[in-house]
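Below: one structure, written as structure tokens.
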Amino acid sequence: MTHPRFAPALLAPVIAVTPVTLASGAPGAPGIDEQYLPASKAGLLTSRTTVSTVWATIQAQGGLGEIFYPTIGGPSARSVEFVVAGHGRAVRANAAADVRTSGNRQVFTARDGRWTLTADYVTDPARSTVLVSLDLRGAGFDLFAIYDPALGNSRSGDSGSTAGDALVATDGDVSSALVADPPVRASANGFAGVSDGRTDLLADGRMDWHYSSAPPGNLVQTALLRPRATLALGFAGDSRGAISAATTSLRRGFGPISRDYAYGWKQYLAGLRQPPASLRSEAARRLYRTSAMVLAASEDKQNPGAYVAAPAAPWAFGRDDPSGPYHLVWSRDLYQIATGLLAAGDRAGAARALDFLFRRQQKPDGSFPQNSQVDGTPVWGGLQLDEVALPIVLAYQLGRTDPATWDHVRRAADFLVGFRQDGFAAPWSPQERWENQSGYSPGTIAATIAGLVCAASLARANGDPAAAGRYLATADDWRSKVKSWTVTSTGPYSARPYFLRLTKDGNPDAGTTYDIGDSGPAGVDQRRVVDPSFLELVRLGVLPAHDRDIRNSLSVVDRQLGVSTPNGFFWHRASFDGFGEKADGSQWEYDLPDGSLITRGRAWPLLNGERGEYQIAAGARSAARDQLATMVRATGPGGMLPEQVWDNDPPAVAPGRPTYSATPLTWSHAQFLRLAWNVQAGRVLEQPAAVAGRYLR
């Protein structure tokens, strides 16, 4: 088909005044399936109300990334980006401009200096609408919004049409509507990479295709806007509801909605503990407030207490996994989040997290699933004993001694005491905290000992001394053996004993080998694999900070896993880790062959928080304060803490700055909040008194 074109001399003013509408549906179904955008987010938007069940992410590279609706458990949009056209060409704003993010505002400054675009983002507290206030400055340029829906967490089944002034998309029981004030000047529905408006514009700088509809496929919708406009993207169960949400938000206006949005978060922050004096810089206090809001925003509104790991889908997870594991709820991450909430003063949020865990506790055995959807449905089938133990510790920390809580705790503790698999008994675990190895892990053992001691305390409070005695006897036995299971005296890294990441067989002096996974080397002697998880023994009160094997293991970890960057000293999570970008900077992939050494795990800022907690326990408060400062420097655009920062290995993009790993990672933000208050108090506040009282006094 040959498409009529506007006269080039009249491109800017005429393209919207006399749009050509093609009644036929867009060709090229289903189009190209593009994965979700990079996981390096610069912002996370959602209101404090529960009636508005929409979350939007701001891309560090510019524009909006995944938009979640009706839960934070899966996206309903892939992106909203902007194209600027004029003077014979069109460019993607995020590719042709320098982008600066400050709060909920992004400023795009064209590298040729000919235009600037300011975008302010907000969600409507009264309905499920995302609003964007746009201001394009530059003579002779037009502004286009490119909306890529993924309704119902599916990128391939969206149908779209132009309905009056709205662009409507539908997939099953989820619909969206895109409207603008002033109204959209021209629109198009098409298929990604084939007949969509972005492909059309970038080809020759002109909007030639104006398809009024597109059947199910990889839909992309395009809207030509006025240089100054408010864009509203509403979501609902059907198209009528989506149009109503979007148009009602527009009538209310960006200014009033933005004020309502800000008021809700100001009220939330006012109800928390204010940043402690341990945070001496404004950047640190700003990260404190950001961290508190990130945790709160990561809770699902239909399923209270369901806090997800991150609002992102890094690497191959954004391509092949319909929701991605970071959109799931993990027992261990939820414990970390809850302790961060407790530190910040949101006790109610921490209690909701525990209630969620108890609602999804497995029957009849009392364990907890490796992870679950936000409604509690188990997803992956793994078992990690620290994920069974840490909910017990959280119940103790919350002071929950009621009979209903005790019933949940008893079932989990009994599971730990009686667990057997593959010829091994607890505290051997089918997986440890890094998810991909079985064995005797010092971090997992620390959690199980603490869990059983806390369970004994709750047992006594509920009149069950027999259970208390059984749990304490088991905890004491495991504590007496933790070093014989996990500390080697024959390893290559030190003449003195040091903790291993784990042992496969409980014999740390044996040269037992295993495959690292994630493209790491195969057949590695377990004595060559270390990680910092042994610090959990100190944090949870199982071993003292001055224990000589702990101290020597710190030196080993610093030499083997430490990395010095311009932003501070960081640590890799384990020896030979392959969970990260490839050596050329491209994304991590599933199921890479053992020994291929294709991917590289980088450094984890949350480990700075763990080291800081150890330093507090060891009496080195000033050193712990330095860890806070390092975490502040690890933030990316928008002040978000990442899962990983670049190390000095290729591609060495910006050592000490965020990689394309999950950002923001809720665990990282929770760790910052916790460390801030631990530094202030001069002690590890989340250390269970029952555990420390038994083993450290």
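Assorted remarks:
- Among the conditions (1) surrounded by 20 or more Cβ atoms within 10 Å (Cβ to Cβ); (2) within 18 Å of residue 431 (Cβ to Cβ), the only one that residue 512 does not satisfy is (1).
- Members of the stretch 478-515 that are assigned to a helix (DSSP H, G or I), charged (D, E, K, R) and touching a residue at least 60 places away in the same chain (Cβ under 8 Å): 479, 483
- Filter pass, residue 676 being among the aliphatic types (A, V, I, L, M) and either at pLDDT below 95 or under 25 Å from the mean Cα position of the chain (by Cα) (or both): yes
- Of all the numbered requirements in (1) touching a residue at least 40 places away in the same chain (Cβ under 8 Å); (2) in a loop (DSSP other than H, G, I, E, B), residue 654 misses one, and that requirement is (1).
- Just one of the numbered conditions (1) aromatic (Phe, Trp, Tyr); (2) in contact with a helix residue (DSSP H, G or I) (Cβ under 6 Å, 6 or more places away or on another chain); (3) farther than 29 Å from residue 85 by Cα is not true of residue 261: (2).
- Which listed residue, of 575, 622, 596, 553, is of a type in the set (Gly, Ala, Ser), over 27 Å from residue 57 (Cβ atoms), part of a helix (DSSP H, G or I) and in contact (Cβ under 8 Å) with a residue 40 or more places away in the chain: 553
- Looking across 118, 199, one residue alone is among the polar types (S, T, N, Q) and over 28 Å from residue 72 (Cα atoms). It is 199.
- Among the candidates 128, 161, residue that is within 30 Å of the chain's Cα centre (by Cα), in the same structural domain as residue 260 (by TED's automatic domain parsing) and of a type in the set (Gly, Ala, Ser): 128
- Condition check for residue 587: of a type outside the set (D, E, K, R) and either under 29 Å from residue 284 (Cα atoms) or in contact with a Cys (Cβ under 7 Å, 6 or more places away or on another chain) (or both): no
- Residue match in the stretch 125-134 (condition: within 23 Å of residue 90 (Cβ to Cβ), touching a residue at least 40 places away in the same chain (Cβ under 8 Å), out of contact with any Leu (no Cβ under 7 Å at 6 or more places or on another chain) and surrounded by fewer than 22 Cβ atoms within 10 Å (Cβ to Cβ)): yes
- Residue list for the stretch 61-101, filter: over 21 Å from residue 36 (Cα atoms) and touching a residue at least 40 places away in the same chain (Cβ under 8 Å): 84, 85, 86, 87, 88, 89, 90, 100
- Evaluation of residue 266 against the conditions (1) within 28 Å of residue 132 (Cβ to Cβ); (2) modelled with pLDDT under 95 shows that the sole unmet condition is (2).
- Scanning the stretch 516-548 for residues that are assigned to a helix (DSSP H, G or I) and crowded, with 20+ Cβ neighbours inside 10 Å yields a count of 10.
- Count of the stretch 291-317 residues which are closer than 21 Å to residue 606 by Cα and basic (Lys, Arg): 0
The values are calculated or read from the model by the stated rules, or taken from the named source; none is laboratory data. The structure displayed is predicted, hence computed values, not measured ones. Quick reminder, even Gly has a Cβ in these numbers, built from the backbone with ideal geometry, and neighbours come from all protein chains shown.
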